[in-house]
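The values are calculated or read from the model by the stated rules, or taken from the named source; none is laboratory data. Being a predicted model, the structure only gives us computed values, none of them experimental. For neighbour counting, all protein chains shown are included, and Cβ atoms are generated from backbone atoms with ideal geometry for every residue, glycine included. For the accessible areas, the whole protein counts, side chains as well, though only heavy atoms, and no ligand, DNA or RNA atoms are used. Shrake-Rupley method; radii C 1.70, N 1.55, O 1.52, S 1.80 Å.
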Amino acid sequence: MKMNTDRFSLTVDEYLAETNVLFYLNDAVTQLLEHKEEYTQFGVVRYFAEYFASVKNGNHVLFREFSYIKATPHNRESFIHIFWKCFRQIGKNGDLLAMSEYSSLLQLLCPDFPSEMVQNTARIVLIDDATDCLSFSDFIYSFQIQFYYEEFVESVSVIYQDLLSGKNPNTVIVPTSTSVEQLSSAANEEPDAQEGVDSSIFCECIEGLCERFKHKFPSIVAIKEILESSQRVSFYSFLLALAKHEGINQDISALPNKSDLLIDPEMDQELERL
């Protein structure tokens, strides 16, 4: 679990907000009460020690409900990392999987994981691909952006659609699941969407969003680097560039660089042993 190096200068409230300690403490107590007979036989102190050790190690999200795995940035990062560890072999084998198959893999780890997020991930990659099947590497980096930065992606989608329609996007953006589905559909269907919007204006709008944004968002430096590389940009080409940006991937720290994606010495040794 990543920690702010300046955490000792934080106030108590700032530290609790950044680390989500109260969220995890509440969940630990809830789980203890729900499975009281199972956990109390090992001792309450040991239970709490093991719970927070699992949070630190990142395996606490396994088989948990979707609302839990998306509740904190650390949970999202941990889930992405576990998905990679569990199914890296697919990429090593060079298999191409359909979206329904990726959805099934995600639901093995999180039974109520929504298929809509997999479909949104596919839209990012399939702008450059005519097939309905994706390689593991193409899928997982795009999935990382869609899942880890979900609220940012939704808000940028609203900005993009406003720019396409000539509206002023400099307003408070509160997207809903319904509006995002409509925007995704519109971005795919409208002819203007293929040409995109002015990159410099799009960048200014995103900067304004990030100044007041309460959720995680990619580095402004990376966003500017992407948008300054062309005069016009489409919504999904922007997301694809985010997915391919090594700096953003390192900031999230859930996945290795693409060149190392299929390398996992510990897993390889275990497979050889078996």
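For segment 201-265, which helices (runs of 4 or more DSSP H) that fit wholly inside it have 2 or more residues that are without any contact (Cβ under 8 Å) to a residue 40 or more places away in the chain and either polar (S, T, N, Q) or open to solvent by 30 Å² or more (accessible area, probe 1.4 Å) (or both)? Lay out the reasoning, then the answer.
Numbers: elements: 220-227, 235-244, 246-252.
Hits in segment 201-265: 220-227, 246-252.
When you check D112 against the structure, is it of a type in the set (D, E, K, R) and not in a helix (DSSP H, G or I), yes or no?
Numbers: of a type in the set (D, E, K, R): yes; not in a helix (DSSP H, G or I): yes.
Judged against the criteria, D112 is a match.
Looking at A28, A17, which is the one that is in contact (Cβ under 8 Å) with a residue 12 or more places away in the chain, among the small types (G, A, S) and part of a helix (DSSP H, G or I)?
Working: A17 fails: in contact (Cβ under 8 Å) with a residue 12 or more places away in the chain.
Answer to the check: A28.
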Tell me, yes or no, whether segment 73-89 has at least one residue that is touching an Asp or Glu at 6+ places or on another chain (Cβ under 9 Å), over 27 Å from L262 (Cα atoms) and either in contact (Cβ under 8 Å) with a residue 24 or more places away in the chain or not hydrophobic (A, V, I, L, M, F, W, C) (or both). no
Given the residues S67, S103, which is the only one that is of a type in the set (S, T, Y), in a helix (DSSP H, G or I), under 18 Å from the mean Cα position of the chain (by Cα) and buried (at least 18 other Cβ atoms within 10 Å of the Cβ)? S103
